[in-house]
Amino acid sequence: MNAVPLPDAGSALFFDFDGTLADLQAHPDAVSIDADVRSCLAALARGLGGAVAVVTGRPVAEIDRQLAPLRLPVAGVHGAERRGPDGSLRRVATADLAPARSLAEALVREHAGLYLEAKPGALALHFRQAPELEDLCVETMAEAARRVEGMALMHGKMVIELKPRNAGKGLAVRAFLEERPFRLRRPWMFGDDVTDEAAFEVVLAQGGVAVKVGDGESVAPYPIAGPAALLDWMRRSVHALDNR
């Protein structure tokens, strides 16, 4: 097992949220971030001239709420919305999701263990509390995708998400790397899910570092056990940057 190295002053760090910075929970609303994680993110951002961002399936507004008062560059909804270092928020245009949402809502009404999360320009059907319904959820969301142009399905950990086809975490990371303070830095990506693989591929193609948080196959060459182990790495990284 390769030990994750520590960043230097020329690094740019990108973090997924759920399962990476925070432990997964039975319901998305139950997820919360450790205060020490927030402090480390702030310290890393100071040490790297602001080159720290969150790249997540959650909306930007939810990340702001979790990290408050810290405010970082964020790519939310798998890149369907992105707030750059200049503070401007850009969203990918999408068609009306009402036909897809009505279909998913009907399924949720029939099964108490399901939860539909409506995001800006996306829908996420969670079945963590009803894993036996996975096939039915996939079938329903596939039909929902056929009802709205320009959308694609993404499979995550116990969730099926309908998102804009022209949005993705890899594209979001690439966009950040074209902007200061991320430009010309060595990129690092930390993520736990298959939804992070595209971002891993982007940073590896640019000579960066990809870290898989938790179990599972990945193109990322560096594994780390989970959010608690990542927090320990962040603490050591802050110390290394403070004493460089």
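Looking across 171, 136, one residue alone is closer than 30 Å to residue 44 by Cβ, aliphatic (A, V, I, L, M) and open to solvent by 20 Å² or more (accessible area, probe 1.4 Å). It is 171. Among the residues making up the stretch 102-118, those that are in contact (Cβ under 8 Å) with a residue 24 or more places away in the chain and either open to solvent by 60 Å² or more (accessible area, probe 1.4 Å) or under 21 Å from residue 78 (Cα atoms) (or both) are 104, 115, 117. With a requirement of 2 or more residues that are open to solvent by less than 40 Å² (accessible area, probe 1.4 Å), the strands (runs of 3 or more DSSP E) lying completely within the stretch 11-98 that satisfy it span 11-15, 52-55, 74-76, 81-83. Restricting 122, 112, 80 to those that are farther than 27 Å from residue 35 by Cα and over 18 Å from the mean Cα position of the chain (by Cα) reduces the list to 112. Applying the condition of being without any contact (Cβ under 8 Å) to a residue 40 or more places away in the chain and in contact with a Leu (Cβ under 9 Å, 6 or more places away or on another chain) to the stretch 1-52 and asking which residue is farthest from residue 170 (Cα to Cα) yields 39.
At pLDDT 90 or above and in contact with a Leu (Cβ under 6 Å, 6 or more places away or on another chain): is that true of residue 60 in this structure? So residue 60 fails the test. Of the set (1) touching a strand residue (DSSP E or B) at 6+ places or on another chain (Cβ under 8 Å); (2) surrounded by fewer than 16 Cβ atoms within 10 Å (Cβ to Cβ), all apply to residue 143 but (1). When 191, 150, 121 are screened for being at positive phi and surrounded by 16 or more Cβ atoms within 10 Å (Cβ to Cβ), only 121 passes. Here residue 129 clears all of (1) under 18 Å from residue 56 (Cβ atoms); (2) not in a helix (DSSP H, G or I) except the condition numbered (1). The stretch 132-225 holds strands (runs of 3 or more DSSP E) entirely within its bounds, and those carrying 2 or more residues that are within 13 Å of the chain's Cα centre (by Cα), at pLDDT 90 or above and more than 30 Å from residue 107 (Cβ to Cβ) map to 186-191, 209-213. Suppose the filter is in contact (Cβ under 8 Å) with a residue 40 or more places away in the chain and more than 12 Å from the chain's Cα centre (by Cα); does residue 97 pass it? Yes.
The values are calculated or read from the model by the stated rules, or taken from the named source; none is laboratory data. Since the structure is predicted, the reported quantities are computational estimates derived from the model, not experimental observations. When we count neighbours, we look across all protein chains shown, and the Cβ atoms used for this are built from the backbone with ideal geometry, even at glycine. Areas reflect the complete protein model, heavy atoms only, side chains present, ligands, DNA and RNA absent. Shrake-Rupley method; radii C 1.70, N 1.55, O 1.52, S 1.80 Å.
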